[in-house]
Amino acid sequence: MRAADSLDATFNAAQWFVQRHVAEGRGARTALLTDDESVSYAQLDEEVRRLASALAAAGVQRGERVAIALPDSHAWSVAFWGTLAMGAVAVPLNTLLKPQDYRAILADCDARLLIADLALVDGAQTAPKDCVVWDAARMLEQTARSAPRAGYEQTNRDAFAFFLYSSGTTGEPKGVVHLHHDPWICARTYGEQILGVRPDDRAFSIAKLFFAYGLGNAQYFPMDVGAACILYAGRPAPANVFAQVARHRPTLFFGVPTAYAQMLAAIDAGEKADFSSVRACVSAGEALPAPIFERWKERTGLEILDGIGSTEICHIFLTNRPGGCRPGSSGQPVPGYRVRIADEAGHDVEDETIGDLLVEGDSTMALYWNKHERTKAVLEGPWIRTGDKYRRDADGYFWHAGRSDDMLKVGGIWVSPVEVEAALTAHEAVLECAVIGCEDDDGLVKPHAYVVLKSAQGAPAEGELQRFVKERLAPYKYPRWVTIVEALPKTATGKIQRFQLRAQAADDRKVR
Ligand code: 3UK
């Protein structure tokens, strides 16, 4: 399915997902539900147009980047759609990062303006010199003060709409560039044909809005049909999630495998959870182990639809369907996407043979910003290489078989072993180290560090190396296990042989 076959050349995603509902008489419907308010589509549309004016008054031009570092909230939604409404480009930022990460991203995208919760991001410390910084209060003040823009900027359907930063193999940020038509394609494909999103749905996502997964789950899928988005600013610990579900009664629930495992542990420990309002549970970000699917079904009566998506493809392109789940698999292609598995020469492999996954669909990114060579390495005409190894069974179900790089998915979020190794090596006691992924008791991958010390005398105290990494990197990247070893396995040329370590680690733990 191609946008070019269905959309006018002029198309603004904010107009489609926000203003269209007002124009078609659905303005009174609820767009956003938070702990303290309910926001209608009419109110959101007006605030979006006010912010669009405020951004223009602050000097933001069409095509320039507006970075957003806010918790999931009413303000987040106004900031995102308001930026698109005036033809500028939204750059949602992960709120768990460290100052050096923000500095790198804000410089790379050349942000003209940063809207930030200053408790999360210190704008003065991280924003480039000519970048205007608004804290959330300032944004609300500017929005209230500005007259609503008359209409939405008439952008091209192929104009840049938002960048989503993803992590590269050495931990460097990669800006994935999406166009105005991309979320529309995801809504026509996964949203419409797999979820069957309806106007009376209420969507709740554990994955935050700054992830491509969360953005579709709790913004553009519900907003495609005038349904409600439940936005929660806090930490998605099981007790908080259960409280949100009890309070807002979502019909669509989106999680990641680690969150389902934590919720199951909480339920088994006696915490009360009532998922009776939910008609579909979704999991993505990393493979959902079959035992978690089975236990969730036992406890809640609900199936979890595991699907694989990527920041580059915008949302899910392979998925299990209601009633047709094969636990442990990623299901079958979402209508509108073509999926193939290729061998090293680029030829399609036979069923049951592992190869490289390639996907074709019209929500695929335009490019990696400022990364021309990286772009060429993954895009092949309309196809994109996901970097995943897959096999297809005789019934057409796809099974994840690992990554072609060393990248790890931890709690559904990228972790670069190279970045964790660099952080560990900065510790005075560490001579060298290697980080690999090991499975925990739920079958979910977490980082495991193998460390060679400079001297046995200077051994760091228990937990010291983990604390050291947490201080330097986003906390979710720290190694859950540290093993001190005499030496690391190496090739004749001195390269660390991660596969040897993985085999070695498999003796005491199950390893990927
Ligand atoms: C891995 C999976 C097995 C896989 C995402 C839904 O995760 C998302 O995007 P990212 O860019 O990562 C993409 C990579 O993550 N992966 C994701 N889901 C699964 N592996 N089974 C799965 N179900 O390596 C993929 O290439 O962070 C997920 C929607 C939008 C997204 N961006």
Distance-filtered residues of region 75-95 - backbone nitrogen under 15 Å, label point 7 angstrom along ASP36 Cα→Cβ
75-76
Past 26 Å, Cα to Cα, is the threshold; run LYS208/LYS272; LYS98/LYS208; LYS409/LYS454; LYS174/LYS208 against it and keep the listed order.
LYS409/LYS454
If one computes the Cα centroid of region 140-206 and of region 395-463, what distance in Å separates the two points?
32 Å
Give the distance, in whole Å, between the Cα centre of region 311-353 and the Cα centre of region 214-293.
24 Å
What do you reckon, how do VAL197, VAL420 stack up by accessible area (1.4 Å probe), largest on top?
VAL197, VAL420
In what sequence, largest accessible area first, do PHE210, PHE499 appear using a 1.4 Å probe?
PHE499, PHE210
Based on Cβ point charges of +1 for Lys and Arg and -1 for Asp and Glu, what charge dipole magnitude is obtained for the chain about its Cα centre, in debye rounded to the nearest 20?
580 debye
Output ³J(HN,Hα) for region 205-213: one whole-Hz value per residue in order, computed from phi by the Karplus curve 6.51 cos²θ - 1.76 cosθ + 1.60 with θ = phi - 60°, and x for Gly and Pro.
10, 5, 6, 5, 5, 6, 8, 4, 4
Per-selection metrics, region 160-244 (Cα): Rg and Dmax in Å
14.3, 44
antiparallel share of DSSP beta bridges within the chain, to nearest 5, in %, is 60 percent
Quick numbers on region 218-316, Rg and Dmax over C-alpha atoms in Å, give 13.4, 40
Using a 1.4 Å probe on heavy atoms of the protein chains only, the accessible area for THR95 in Å², nearest 10, reads 30 Å²
Roll a 1.4 Å probe over the protein heavy atoms and report the accessible area of LYS208 in Å², nearest 10.
30 Å²
How many percent of the alpha carbon pairs in region 294-421 exceed a separation of 22 Å?
41 percent
Ignoring ligands, DNA and RNA, how do TRP383, TRP184 rank by accessible area with a 1.4 Å probe, largest first?
TRP383, TRP184
I'd like to compare 434-443, 350-359: which one has the highest average count of other Cβ atoms within 10 Å, and what's the full order after that?
434-443, 350-359
Please list, in order along region 299-308, the HN-Hα scalar couplings obtained from phi with the Karplus expression 6.51 cos²θ - 1.76 cosθ + 1.60 (θ = phi - 60°), rounded to whole Hz, x for Gly and Pro.
6, 10, x, 9, 7, 9, 7, 7, x, 9
Its Cα gyration tensor gives the chain an equivalent ellipsoid whose semi-axes in whole Å, largest first, are 36, 27, 24
Express in Å², to the nearest 10, the accessible area of GLU373 obtained by rolling a 1.4 Å probe over the protein heavy atoms while all chains stay in place.
120 Å²
Taking every Cα atom in region 3-180, find the radius of gyration and the maximum pairwise distance Dmax, and write them in Å.
15.9, 49
How long are the semi-axes of the equivalent ellipsoid of region 407-511, taking √(5λ) for every eigenvalue λ of the Cα gyration tensor, in whole Å from largest down?
20, 18, 13
Obtain the nm distance between the two label points defined at ARG235 and ALA137 by a simple spin-label model: each point lies 7 Å from its Cα along the Cα-to-C-beta direction.
2.5 nm
Pair-distance profile P(r), taking every C-alpha pair of region 84-147, with 10 angstrom steps and integer %:
21, 55, 23, 2
Determine the calculated [θ] at 222 nm for the chain from helices alone, applying -39500 (n - 2.57) to every DSSP H run no shorter than 4 residues and normalising by the residue count; nearest 500 deg cm²/dmol.
-7500 deg cm²/dmol
Answer check: region 42-83, Cα atoms, Kirkwood Rh, Rg/Rh ratio of 0.96
Can you return the aspartates and glutamates within cross-link range of LYS389? Criterion is Cα-Cα under 15 Å, with same-chain partners fewer than 8 residues away left out.
GLU286, ASP343, GLU344, ASP348, GLU350, ASP351, GLU352, ASP356, ASP405, ASP406
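The values are calculated or read from the model by the stated rules, or taken from the named source; none is laboratory data. Keep in mind the model is a prediction, meaning the values are calculated, not measured. Ideal geometry is used to build each Cβ from the backbone, glycine not excepted, and the neighbour counts take in all protein chains shown. Please note that ligands, DNA and RNA were not included when accessible areas were found on the heavy atoms of the full protein model with its side chains. Shrake-Rupley method; radii C 1.70, N 1.55, O 1.52, S 1.80 Å.
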